[in-house]
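Asker: My structure is below; once you've seen it, I'll send some questions.
The values are calculated or read from the model by the stated rules, or taken from the named source; none is laboratory data. All figures in this text were calculated on a predicted structure; none of them were measured in a lab. Cβ: placed from backbone, ideal geometry, glycine included. Neighbour counts: every protein chain shown.
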Amino acid sequence: MTTPTVSRGTGVTARKETPTPSGATAPAAQGAVKPVSRREFLYYIWGASMAVLLAQGTGLIIWFALPRFREGEYGGLFTIDAATLPAAGDAPQRNPAGRFWLTNTPDGLMALSMVCTHLGCLFAWVDANGRFECPCHGSKFERNGQYIEGPAPRNLDRFAVTANTPGGPVTSAEGEPVNVAGATSVVVNTGRKIKGDTHA
Ligand code: FES
């Protein structure tokens, strides 16, 4: 401990180190590093582990929240300019990248999966017959994907479609026909495939 003392006659103040009861001087005791106890060390390890786990959890949440497919890639969204859509009565339009047919039915626009619901062959639109026909085993489907005949067990599968209209987006979440009158563009969500109904 430091105690100020005054020299007689000179007025000069001097400082004198005073030993503490333990024999060590105070400045030395203040500078000493306190060792980390076993309990504190375990707390630090636990805290660090929690921080790592939290970071990993946050990373996983962000990874799952991000879209897995890019636009224009099968499994993602396909945006089509409304000016290029097939008009009512036109032959359906094939989109190989999205693996769907855009078909304009009397009830509205639909996006039908290209894959036959029998054994997965790629069927075609036969203009002369006005229907889809599968070359593998002869299943046939209407313009709207409705089963006509053949071994296919159900109607064609379809994708959700959104029409961007001046009044806002109109979505057929179950792939039902969507009215595209006045739409500027149409978005087909190939990440949302709806199974065709099974026929009796
Ligand atoms: S795969 Fe199409 S009818 Fe068999």
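Asker: Looking for whichever is under 18 Å from Thr198 (Cα atoms) and either modelled with pLDDT of 95 or more or among the hydroxyl-bearing types (Ser, Thr, Tyr) (or both) here; the options are Leu102, Leu112, Leu122, Leu85. Which one fits?
Answerer: Leu112
Asker: Could you please give the count of residues in the stretch 105-128 that are surrounded by 13 or more Cβ atoms within 10 Å (Cβ to Cβ), of a type outside the set (A, V, I, L, M, F, W, C) and touching a residue at least 60 places away in the same chain (Cβ under 8 Å)?
Answerer: Residues in the stretch 105-128 being surrounded by 13 or more Cβ atoms within 10 Å (Cβ to Cβ), of a type outside the set (A, V, I, L, M, F, W, C) and touching a residue at least 60 places away in the same chain (Cβ under 8 Å): 4 in total.
Asker: Working carefully through the options Arg143, Arg131, find the one that is free of Cβ contacts under 8 Å to residues at least 24 places away in the same chain, surrounded by 15 or more Cβ atoms within 10 Å (Cβ to Cβ), in contact with a Lys or Arg (Cβ under 8 Å, 6 or more places away or on another chain) and closer than 22 Å to Pro177 by Cα. Please lay out each step first, then the result.
Answerer: Numbers: Arg143 fails: free of Cβ contacts under 8 Å to residues at least 24 places away in the same chain.
From the options Arg143, Arg131, the qualifying one is Arg131.
Asker: Determine whether Ala128 is away from the ligand (no atom under 16 Å from the Cβ), assigned to a loop (DSSP other than H, G, I, E, B) and in the same structural domain as Phe159 (by TED's automatic domain parsing). Write out each step before concluding.
Answerer: Working: away from the ligand (no atom under 16 Å from the Cβ): yes; assigned to a loop (DSSP other than H, G, I, E, B): yes; in the same structural domain as Phe159 (by TED's automatic domain parsing): yes.
For Ala128, the condition - away from the ligand (no atom under 16 Å from the Cβ), assigned to a loop (DSSP other than H, G, I, E, B) and in the same structural domain as Phe159 (by TED's automatic domain parsing) - is met.
Asker: Look through Ala91, Ala111, Ala83 and report the one residue that is assigned to a loop (DSSP other than H, G, I, E, B) and either of a type in the set (Gly, Ala, Ser) or assigned by TED's automatic domain parsing to the domain that holds Ala173 (or both). Working first, answer last.
Answerer: Values: Ala111 fails: assigned to a loop (DSSP other than H, G, I, E, B); Ala83 fails: assigned to a loop (DSSP other than H, G, I, E, B).
Unique residue meeting the criteria: Ala91.
Asker: Can I ask one more? Mind listing whichever residues of the stretch 134-159 are of a type in the set (Ser, Thr, Tyr) and within 10 Å of the ligand (Cβ to nearest atom)?
Answerer: In the first step, residues of the stretch 134-159 are kept if they are of a type in the set (Ser, Thr, Tyr); the result is 139, 147.
Correct list: Ser139 only.
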